[in-house]
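The numbers here are math on the coordinates, done by the rules we state, and not lab data. Since the structure is predicted, the reported quantities are computational estimates derived from the model, not experimental observations. Cβ coordinates were reconstructed from backbone atoms using ideal geometry, including for glycine residues, and neighbour counts include every protein chain displayed.
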Amino acid sequence: METYALLLAATLNAGTVLAIAGLGLLVNERAGVVNLGAEGMMLVAAIAGFATAVHTGSDWLAFGAGAVAGAVMAAAFGLLVIWLNTNQYATGLALSLFGNGFSAFVGIGYVQEHLATRPHFAVPLLGDLPFVGPALFRQHPMVYLAVVLAVALTWFLYRSRAGLVLRAVGESPESAQALGYPVRRIRLLAVVCGGALCGVAGAYLSVIYTPLWVEDMVSGKGWIALALTTFATWRPMRVLLGAYLFGGVTMLQFHLQAEGVALSSQLLTMLPYLATIGVLVLISRNPAWIRANMPASLGKPFFPGG
Amino acid sequence: MTTSTRRNVLRGTALGSIALAAALAGCSKKEEAAPAAPSTSAAAAPASAASGPLKVAFVYIGPVGDHGWSFAHDNGRKALEKELGAQVQTTAVEKVPESADAERVFRDLAAQGNTLIFGTSFGYMEPMVKAAADNKGVHFEHATGYKTADNLRTYDSRTYEGAYMAGVVAGGMTKSNVIGVVGSVPIPEVIRNIDSYTLGAQSVNPKVKVRVVWVNEWFNPPKETEGAQSLIDGGADVLLQNTDSSAVLQTAEKNGKYAFGWDSDMSAIGPKAHLASAAINWAPYYVKAAKEAIDGTWKTGKSWWGVKEGAIDLVSISDKVPADLKARVDQVKAGLKDGSFSIWKGPIKDNTGKEVLKDGQVADDAFLGGIKFFVAGVDAPVPGAK
């Protein structure tokens, strides 16, 4: 029983990095911009966050530094793809590779650093409950913030005026412009928000989740977050659930291995990606499904007045 | 239809080449020359007809900053420079992928006049075989490989001896009698280390059980963390890893459990969790190889150095380890040094109950090189085994 509670706890923790990054990417994809640079932004944010934590000792300042680092990289990406209309996919890949090299370069001096003992968290009273206590209420606050973020984003996208505008920009930038909205600035804002959230995710990874800095330490989590937005058909709550599902599969396969169960770990590891392809096949089958699920201008450049 | 397809193909190629260019640019290069030599030294390298220092090159799979495998090799390089001073001039190329690029790097280094080249990853085997065939005047040294040629030889460290000594400490320190290993890739070398760790633990604690999770990668800190967390959640209280980062040690530190450093001394990284480090010391081998290349006695062969030759050791044993356990480790170390003790001596059974070594039978290197089973006490199947 206790091990299942711990498995659930580890799943929530593993899903948090993916959820925050995935929700960030969802914001800019809802505005019609695909940013394949997630991995690079997370890496730069990871070193920025780690360095900040080393020098200031504050984890929250570290998350802030990660957010700023991610936002700055996303802003550079935004200027390129929104104003100069460079190809979003190529620019995103370049951003990712740049982030990989740049973070390694500035991080050289931090490889041997280590952070003070990581604090333990527990929600008072609830944390002492049997089963649900260790499963749900002994997590880092960021785990709960990810849930709050998903709920808030759902409200924002579907219940607020600003969210409606953001979606309009992603569906039909021409119409949004005709209505008088500054499409380019809205897209840039969305890209910067997405970068900032990817940054928080990167900093959480290097400061709390795997508290160390080594080159290339994000090891593909950024790419998984990108797959996640598609898997979730661009809905915030589905991104959250998908993140727990993806995180859960990883933890489950390790859990089974630790128990000595003879099950191919490689097979389980590839399941999330198979599921993503499955979702893509499903939603791409007819135009109504695509319209209902995918931002219509996703990945396409916008030429105002053109 | 055709044009759009071709355009897509072209775009794909363009992206591919961007990625490739960036990857190549990522291979940083470092050159460190020893201080200028007084050219009176009569022991100029006969291998290269010209006088001057012996040019030695190292090719690493990871960043030197991995704090593990490549870091240990780079420490060996630095020790070589210190020991032989102006007689050698070393170059290191890091982050070289195990692909066709590797062959280009080896050919490049040979063309630049390096006459002793160390390739420090298993996957460099074919590239090195090819590069060696075309550069007869250059001595190639391949770590962990098994193919040799007239100018290509192999060397390795008996890391399992370090794993055994770590096992002795783990067996004595565990309270739950469950210890864990985060494995990288299920190849004989890693399986042998897990087995030796188990044998070491059982030598002081017959009740101990070993659990294993595989990351299926050499270097993936988040996955290593997740694997370590699963082992801890499952009740393991002392962890070892056969992966290249310090993430497992960090995870143990965070959870108030114990762990070891692997490949390099990691005592600074998790001060509370760290029990000891199974550290490889490549320096003695690198110095020997360079000396042989300088005085022309370099011959092909296979070297597998262990505690005896100073190539592996359990270092920085924590004060938390009681004195009697430390004494036990010293006893093992002394036995391995003078040859009076063998780790792989029968009776040893695998974890399906089959006897693999008869009573009193000592495993030879061929047996050790092909270990594909877990010994009794490992609570896991070998991946892919029937």
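Here are the numbers for this structure:
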| item | result |
| --- | --- |
| Listed peptides A:40-52, A:248-260 by packing density, highest first (mean Cβ within 10 Å) | A:40-52, A:248-260 |
| Listed pairs B:LYS223/B:LYS308; B:LYS55/B:LYS302; B:LYS78/B:LYS175 exceeding 29 Å between Cα atoms | B:LYS223/B:LYS308; B:LYS78/B:LYS175 |
| Percent antiparallel among DSSP beta bridges (both partners in segment B:193-317, rounded to 5) | 40 |
| Per-residue average of Cβ from other chains inside 10 Å of A:198-209 | 1 |
| Cβ-Cβ FRET estimate between B:ALA323 and B:LYS272, R0 fixed at 25 Å, reported to 0.05 | 0.80 |
| Average beta-carbon neighbours from other chains, 10 Å sphere, peptide B:250-256 | 4 |
| Percentage of interatomic Cα-Cα distances in segment A:1-89 larger than 21 Å | 44 |
| Residue-span extension gain [A:ALA292 to A:VAL132] - 0.36 nm each, minus C-alpha spacing | 53.9 nm |
| Anisotropy class of segment A:71-226 from Cα gyration tensor, a/c 1.5 cut | oblate |
| Cβ charges +1 (Lys, Arg) and -1 (Asp, Glu), total dipole of chain A, debye | 1060 |
| Entries in B:LYS254/B:LYS320; B:LYS288/B:LYS337; B:LYS147/B:LYS337 that, when Cα-Cα distance is taken, lie over 21 Å | B:LYS147/B:LYS337 |
| Likely footprinting exposure, B:TRP214, B:TRP344, A:TRP155, fewest C-beta neighbours within 10 Å first | A:TRP155, B:TRP344, B:TRP214 |
| Inter-label distance for B:LYS299 and A:LEU282, nm, one decimal - labels placed 7 Å from Cα along Cα-to-Cβ | 6.8 |
| Percent antiparallel among DSSP beta bridges (both partners in segment B:246-386, rounded to 5) | 65 |
| Signed unit charges on C-beta, dipole axis of the protein assembly as shown, positive-most listed residue B:GLY62, B:VAL215, B:VAL182 | B:VAL215 |
| Per principal axis, descending, Cα span of segment A:151-306 in whole Å | 62, 39, 28 |
| DSSP bridge orientation in the protein assembly as shown - percent antiparallel, rounded to nearest 5 | 25 |
| Per-peptide average of other Cβ atoms within 10 Å, ordering B:300-310, B:187-197 highest first | B:187-197, B:300-310 |
| Chain A shape via C-alpha gyration tensor axes, a/c threshold 1.5 | prolate |
| Cα centroid separation, segment A:102-121 to segment A:153-219 (Å) | 26 |
| Cα point-scatterer Debye curve for segment B:44-144, base-10 log of I(q)/I(0) at q = 0.12, 0.15, 0.24 Å⁻¹ | -0.36, -0.57, -1.30 |
| For residues of B:212-222, the mean tally of beta carbons on other chains within 10 Å | 6 |
| Interchain or long-range residues, amide H under 5 Å from B:VAL181's placed H | B:ARG211, B:VAL212, B:VAL213, B:LEU240 |
| Within straight-line cross-link reach of B:LYS272, aspartates and glutamates at Cα separation under 12 Å, skipping those fewer than 8 residues along the same chain | B:GLU253, B:ASP319 |
| Segment A:ARG118-A:TYR273, extension gain: residue separation times 0.36 nm, minus the distance between their alpha carbons | 52.6 nm |
| Three-way shape call for segment B:194-297 based on the alpha-carbon gyration tensor, with the a/c threshold at 1.5 | prolate |
| Separation between Cα centres of segment B:130-186 and segment A:250-306, rounded to whole Å | 38 |
| The protein assembly as shown, Cα convex hull volume normalised per residue, Å³ | 187 |
